1. Residue check: is residue A:59 at the interface with another protein chain (Cβ under 8 Å from one of its Cβ atoms), in contact (Cβ under 8 Å) with a residue 60 or more places away in the chain and buried (at least 20 other Cβ atoms within 10 Å of the Cβ)?
2. For region B:216-236, what are the residues that are within 12 Å of chain A (Cβ to nearest Cβ) and outside any loop (DSSP other than H, G, I, E, B)?
3. Restrict the check to region B:170-179 and report whether at least one residue is in a strand (DSSP E or B), surrounded by fewer than 19 Cβ atoms within 10 Å (Cβ to Cβ) and over 17 Å from the mean Cα position of the chain (by Cα).
4. Go through region B:193-204 and count every residue that is without any contact (Cβ under 8 Å) to a residue 12 or more places away in the chain and at the interface with chain A (Cβ under 9 Å from one of its Cβ atoms).
5. Give B:209, B:238 a once-over and let me know the one that is without any contact (Cβ under 8 Å) to a residue 40 or more places away in the chain and either out of contact with any helix residue (DSSP H, G or I) (no Cβ under 7 Å at 6 or more places or on another chain) or closer than 14 Å to residue B:103 by Cα (or both).
6. Just checking: which of the helices (runs of 4 or more DSSP H) contained wholly in region B:1-107 hold 2 or more residues that are at the interface with chain A (Cβ under 8 Å from one of its Cβ atoms)?
7. Report yes if residue A:53 is crowded, with 16+ Cβ neighbours inside 10 Å and more than 10 Å from every other protein chain (Cβ to nearest Cβ), otherwise no.
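Every read-out reported here was derived from the displayed coordinates using simple, explicitly stated rules and does not represent laboratory data. Predicted model, so just to flag it, every value in this text is computed and none were measured. Neighbour counts run over all protein chains shown; Cβ positions are idealised from the backbone, glycine included.
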C-alpha cells in the first residue's frame, strides 16, 4: 500500500476542462466529469480517489490554479 | 481512510497563490500563460517582494496580466515594455522590475527595444513566452514560427524563401554583454514547471546582484492558434518546438 494518501479539490466553477492535469497525473486519479460547470466545461474530478498519492503534479501544470492538493502520511 | 480525513489544513501541500486575484483568467483552456502567471505569483510570494515588484505588461494575449497578479503594473505600447521597464528601474533602482512579453511583442515589433535594453544591461527581468504564433489576433505568423508551420497567414506552411527563417532571439540576446542570465524553459510537465519556477526565482534574485538583464524564455503552446487540443499541443511542442528551441541555460554569469 502507498505510504501517502492524497486528495485533490478542484474549484469546479473555474475549471476550464483543459485536461492537462488528467495527463500529468502519474497514478491516473483524475478525469473529466461527464457533467459540465456553469460555463459549459467538463471539469476535472477524482475518478479514482484511492490511487492519489498527493504528488501535486496536477496542481503544478494547472493553468488556472483551480487545484488544491492535500497529502497525509498513512504509515 | 475517508477523503475528509485527508482534506485538512495541516495536510495542505499546494494551493492557489495569495497573489493571484479571484478574476477568472481570459486565456483559452490549457494556455501556458496561466501557468507562468501562477509561477511568477508564487516566486514573488516566496521572495516576499510583493510591495517592491513592478511588472510591465505587453500587448498580446497577456495584455491583461495586471488583472491577475496583485502587484504594481504598468502597461506599455506594443513591444515597448523593455523601454518602460528601463525608465522604472532607473527611477526606482531598489524595486524589482520585470516585463512579461510574448513572441509577437518581443521578437517582432519590440525587437529594437529588447536588443538595446539588453545591450545597455538594464537591471530588469524579462519573461518571454514563445508560442511561435500571434495568438491574440487570430494565429498569424510570428518571427518565431517554425518552417512549414501552418498559420492563418502561411496557409501552406512557412516557406524560408518567402517568409525567412525562425528567429532564435534568446541566443541572439545571450551574445550581448548586458545580459547576465539567459535561459529557455517550458511548462508542459510537472518537472518542467518546477524548473521554470527555479529559473524565474533566480532571475528575480539577480535583480539585487545588479549585473544586467535576466532573460527567461518559456516555450509555450497556443492550442487555439495551432488548432489542437491542449494535450495534443503540448505533444506537438515537445516533438517540433524543442528541436528548434532546445531547453536549458544558455548563459549564466
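1. Details: at the interface with another protein chain (Cβ under 8 Å from one of its Cβ atoms): yes; in contact (Cβ under 8 Å) with a residue 60 or more places away in the chain: no; buried (at least 20 other Cβ atoms within 10 Å of the Cβ): yes.
It is false that residue A:59 is at the interface with another protein chain (Cβ under 8 Å from one of its Cβ atoms), in contact (Cβ under 8 Å) with a residue 60 or more places away in the chain and buried (at least 20 other Cβ atoms within 10 Å of the Cβ).
2. To start, the set of residues in region B:216-236 that are within 12 Å of chain A (Cβ to nearest Cβ) comprises B:220-221, B:223-224, B:228-235.
B:223, B:224, B:230, B:231, B:232, B:233, B:234, B:235 - these are the residues of region B:216-236 that are within 12 Å of chain A (Cβ to nearest Cβ) and outside any loop (DSSP other than H, G, I, E, B).
3. If we filter region B:170-179 for residues that are in a strand (DSSP E or B), which is where we start, we get B:179.
Now narrow it down to the ones that are surrounded by fewer than 19 Cβ atoms within 10 Å (Cβ to Cβ): none.
No, that holds for no residue.
4. Counting residues in region B:193-204 that are without any contact (Cβ under 8 Å) to a residue 12 or more places away in the chain and at the interface with chain A (Cβ under 9 Å from one of its Cβ atoms) gives 1.
5. Details: B:238 fails: without any contact (Cβ under 8 Å) to a residue 40 or more places away in the chain.
The unique qualifying residue is B:209.
6. Values: elements: B:3-6, B:32-47, B:81-91.
Fully inside region B:1-107 and qualifying: B:3-6, B:32-47.
7. Values: crowded, with 16+ Cβ neighbours inside 10 Å: yes; more than 10 Å from every other protein chain (Cβ to nearest Cβ): yes.
Yes, satisfied.
Okay, residues lined up against (1) in a helix (DSSP H, G or I); (2) facing another protein chain (nearest Cβ under 8 Å); (3) without any contact (Cβ under 8 Å) to a residue 12 or more places away in the chain; (4) closer than 21 Å to residue B:195 by Cα:
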site: A:6; (1), (2), (3), (4): no, yes, no, no
site: A:9; (1), (2), (3), (4): no, yes, no, no
site: A:17; (1), (2), (3), (4): no, yes, no, no
site: A:21; (1), (2), (3), (4): yes, no, no, yes
site: A:28; (1), (2), (3), (4): no, no, no, no
site: A:35; (1), (2), (3), (4): no, no, yes, no
site: A:64; (1), (2), (3), (4): no, yes, no, yes
site: A:68; (1), (2), (3), (4): no, yes, no, yes
site: A:71; (1), (2), (3), (4): no, yes, no, no
